[in-house]
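I have placed the structure first, in the form of structure tokens, so that the comments after it can refer back to it.
The values are calculated or read from the model by the stated rules, or taken from the named source; none is laboratory data. These figures come from a predicted structure and were not determined experimentally. Note that we place each Cβ from the backbone using ideal geometry, even for glycine, and neighbour counts take in every protein chain shown.
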Amino acid sequence: MRKLYSEALENIHGDPLLSTPTTEYFTQWLKIKKVENAPATWKNYRGVVNRFLDAIEDKDLSFITVNDLINHRDNLAEKLTITTTNNHLAILSIAFQDALRNERIESNPAALVRRIKRKGGTTNIRRAFTLPELKKILDVANNEWVGIILTGLYTGQRLGDIVSLTWDNVDVRREEISLTTIKTGRRILLPIHSALLVHFLTLPAPDNSDTPVFPDAYAIVKRQLGRTSTLSNQFRSILVSAGLAPPRSGMAEREGRAGKHRGNPLSFHCLRHTATSLFKNVGVGEAVARDIIGHDSKAISDNYTHIDDDAKRNAVNTLPDINES
């Protein structure tokens, strides 16, 4: 019907209904995202898009249906983990939402596709570390990883942002960390907790301000164009040494014939959950906690709420000292 309507419009007015081949749209979308995102993020987008384009025929973007995306989701789930499959859907939904915003389509079909849940109806949710677990981890980690873990615990920041810190970002005199997050481009100013400050003061004096705070991890991430998978595997090894994760054993670590990795309830990202939980446990307000951790908050944006630096410092200072617990 759309094709006939377009031909009728062209016969009457000389202009057809706006048409956008799917491959053409996603090619242009990737070019835009390459400018807007970090290399590792863009590479992830490209992989998702290429897999989607391989799975469907190159028809007009407006002809992509919810059923097309459901079929794509189910095919992905046969080969990938549930988390990765849902991540593919999320990225495709961003692309279709941009098309909707630019009036290329009339609705976002990806937004209507349900995310996959694990058996029993529960999603793969990471949990927070307990303080005794954190002490076990710190006991077996080397000095650089102790610093990375303490920074994750007391700032709630992502692994990539933490290991990208240079001494230009860390002001021990003012007891502040300033950074721009890789994922969202958000500028954050964070007070340094006393336990983290003590650790920073034990580190060798930097040669200059652009010296990495965590040089070994920094070198790995730069060499791998922003990817943190090697560091995540190193952290997994720390968990194994601390008795908090089973050692990997080849096929025993995978599920089924498709070779999907089993979900692991503990990862470095759990430190982000831990920081959030600690703030809630000591009664820090949600707006302050969100501002420190860096979670987006519609309420804060809508009301133009400004979080005072003293409020953030007071909040950070209420967190327990892991070395004394």
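Can you name the residue in the range 57-102 that is of a type in the set (D, E, K, R) and free of Cβ contacts under 8 Å to residues at least 60 places away in the same chain and, of all such residues, is farthest from Ile32 (Cα to Cα)? Give the derivation first.
Just the residues of the range 57-102 that are of a type in the set (D, E, K, R), to begin with: 57-60, 68, 73-74, 78-79, 98, 101.
Imposing the further condition that a residue be free of Cβ contacts under 8 Å to residues at least 60 places away in the same chain reduces the set to 57-60, 68, 73-74, 101.
Details: Glu57: 23, Asp58: 20, Lys59: 21, Asp60: 20, Asp68: 25, Arg73: 25, Asp74: 28, Arg101: 15 Å.
Going through the qualifying residues, I end up with Asp74.
The single condition among (1) free of Cβ contacts under 8 Å to residues at least 12 places away in the same chain; (2) within 24 Å of the chain's Cα centre (by Cα) that Asp54 does not satisfy is (2). Can you find a residue in the range 119-132 that is aliphatic (A, V, I, L, M), part of a helix (DSSP H, G or I) and modelled with pLDDT of 95 or more? The answer is no, given that none of the residues of the range 119-132 is aliphatic (A, V, I, L, M), part of a helix (DSSP H, G or I) and modelled with pLDDT of 95 or more.
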